[in-house]
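Structure record follows, encoded as structure tokens.
Since every read-out is calculated from the coordinates, none of them should be taken as a lab result. What you see is a predicted model; the values in this text were computed from it and never measured. Heads up, the Cβs are rebuilt from the backbone with ideal geometry, glycines too, and the neighbour counts pull from every protein chain shown.
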Amino acid sequence: MAGASCAIRGTFFDFIDDPWKHIGHEQDAARFIHDGLLVVKDGVIVDFGTFADVSLHYPNLPVTRLPNRLILPGFIDGHIHFPQVRVPGAYGNQLLDWLQTWIFPEELKYSDRDYARTSARYFFDALLSGGTTTCLAFTTSSPVSTEEFFDEAARRNVRVIAGLTGIDRFAPDDLLITPDEFYSESQRLIERYHRKGRNLYAITPRFAVGCSGEMMDRCRQLKLEHNDCWINTHISENPSEIRTAHYHFPGCDDYTHVHEKHGLLGPKFTAGHGVWLSNDELRRFSKAGAAIAFCPLSNLFLGSGLFRLGRATDPDNPVRITLGSDMGGGNAFSLVRVLEEAYKVGMCNNTMLDGSVNPRDKDLAEAERNKLSPYRAFYLATLGGAHALYLDDMLGNFDKGKEADFIVVDWNAGQHAMRWRQSLIVEGAGPETIEQAAQLMFGVMTIGDDRNIDETWVAGKRSYKKTVEAPQF
């Protein structure tokens with residue numbers, strides 16, 4: 001991997017384990033170093049620890065100091081749509097109407113190379129300014145959009161997973177692609193981009209409603225021939241979508257069975273949403289090693305429903321969970337905003353709006369798992385997301401040998417009252433304990449946004465620095 005070399009001194013906060021495994025002692029899953037040193041060579045972490053210890057081994061190494069900030073691993077977005085960068089917050093109805101009215105017309109433009117190239121620049125600018133350094137993304141059914149996405153990611157040296165979108169029904173004719181063309185173009189794109197630099201390829205049936213049985217069979221064939229690739233799709237986002245899937249796949253018991261039948265459910269399989277998955281389907285996801293992308297922004301914006309985080313984190317059948325902005329069903333690129341809404345979803349799952357206990361969450365242990373503490377939240381945004389996407393051997397925390405993607409957080413930035421609120425936790429130079437760091441980040445999560453991201457570093461090189469100037473369009 002091409003990357004830069006640097007040595008960063010500052011205050012670090014990351015994760016070494018899953019906080020849901022340490023209920024009551026969640027800080028045991030995290031790591032905090034008040035005065036630390038991160039040493040990076042060619043984009044990879046070669047040393048990390050306290051400044052007092054690590055600096056002894058590098059007496060002449062130039063050091064960049066980042067004072068009065070918290071340094072975290074870069075955020076991981078497990079579900080985002082590159083061709084929707086221009087249409088976030090589009091007024092509409094629920095999922096299927098919204099797709100027909102806003103999304104499909106916009107995605108048609110991505111067969112034009114110049115349009116796709118310009119959009120890719122805006123996409124990655126927005127991604128990095130929000131602190132996201134890795135994403136699993138959808139492109140369109142046009143190979144041009146996939147090419148421009150991967151090419152721009154390579155120019156930025158960003159770790160991405162993406163692929164040509166398979167859809168052969170339930171969309172405008174010009175957006176459809178035949179199963180045979182999808183197969184042949186996917187073969188070509190895999191050869192050109194998979195594991196070239198930091199690019200990884202995902203075989204991408206958009207969602208079962210938009211895919212015929214023949215399209216799903218082609219996806220299975222690609223997976224058998226390229227077992228190293230990922231699978232990226234949607235599942236059980238909206239009740240009407242589920243009913244439509246049942247109609248088109250009458251031989252399947254449920255939505256998950258569609259993917260089991262076609263040999264897709266398994267490791268490196270990620271499905272966005274999963275709002276309406278049954279308990280049995282969640283158990284099958286867990287057993288298969290498949291992942292769900294929790295997308296609270298879009299689930300609320302489109303009225304899709306509340307994802308049952310407490311059920312998905314059942315210790316007997318834990319499902320791999322990554323967070324997704326789902327731009328543009330989600331109305332922000334910032335995973336800080338995603339975490340804010342994820343917290344609210346967890347709280348609402350435990351209590352109905354009228355104050356009565358939600359019958360499906362009477363299990364007190366499940367109710368406890370619904371709560372999104374700062375430890376659980378930022379685990380999902382970093383190491384947990386990496387684990388869900390089978391990338392935790394490459395990134396997600398500051399362990400030696402991992403890729404040096406990290407963000408520099410200004411816990412006082414954002415809305416006017418942020419500094420005053422945060423002074424309840426610390427005043428002066430910053431946190432001195434892990435609990436102070438966690439509470440500062442909880443403040444960022446609940447009242448902050450992308451303005452709290454001061455810098456974003458990719459493979460040891462600073463790729464974004466916040467300025468006071470507004471972007472020019």
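The figures follow:
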quantity	calculated
Table column - 3J(HN,Hα) (Hz), region 251-264, Karplus curve with 6.51, -1.76, 1.60, x for Gly and Pro	x, 9, 5, 7, 5, 5, 4, 4, 7, 5, 4, 9, x, 9
Neighbour-count ranking [beta-carbon atoms within 10 angstrom, fewest first] of LYS261, LYS287	LYS287, LYS261
Amide hydrogen neighbours beyond the local backbone of HIS79, cut-off 5 Å, H modeled	LEU136, SER325, ASP326
Ellipticity estimate at 222 nm from DSSP helix runs (n ≥ 4, -39,500 (n - 2.57)) divided over the chain, nearest 500	-10000 deg cm²/dmol
Nearest-ten-degree value, helix 213-225 long axis tilted from longest Cα axis of the chain	50
Part-to-part distance (alpha-carbon centres) for region 271-345 and region 198-217, which is given in Å	20
q = 0.09, 0.11, 0.13 Å⁻¹, region 75-388: log10 I(q)/I(0) [Debye, one scatterer per Cα]	-0.40, -0.61, -0.87
Shape category assigned to region 364-473 from the gyration tensor of Cα positions, a/c cut at 1.5	oblate
Within the chain, percent of DSSP bridges classed antiparallel, to nearest 5	50
Residues with amide H under 5 Å from that of TYR464, placed H, sequence gap 5 or more	THR456
Contour minus Cα-Cα distance for LEU56 and ARG243 (0.36 nm per residue)	61.0 nm
Phi-based couplings in Hz for region 282-291 (Karplus 6.51, -1.76, 1.60; Gly and Pro marked x)	4, 4, 5, 4, 4, 4, 7, x, 8, 10
Using a Förster distance of 41 Å, the FRET efficiency for THR118-LYS371 (Cβ separation, nearest 0.05)	0.45
Degrees between helix 113-129 axis and first principal axis of the chain (Cα, 0 to 90, nearest 10)	40
Sites matching chymotrypsin sites (Phe, Trp or Tyr not before Pro) across region 51-98 that sit in DSSP coil, with at most 16 neighbouring C-beta atoms within 10 Å	TYR91
For VAL46, residues with placed amide H under 5 Å, excluding near neighbours	VAL39, VAL40, LYS41, GLY401
GLU435, GLU403 arranged by Cβ crowding within 10 Å, fewest neighbours leading	GLU435, GLU403
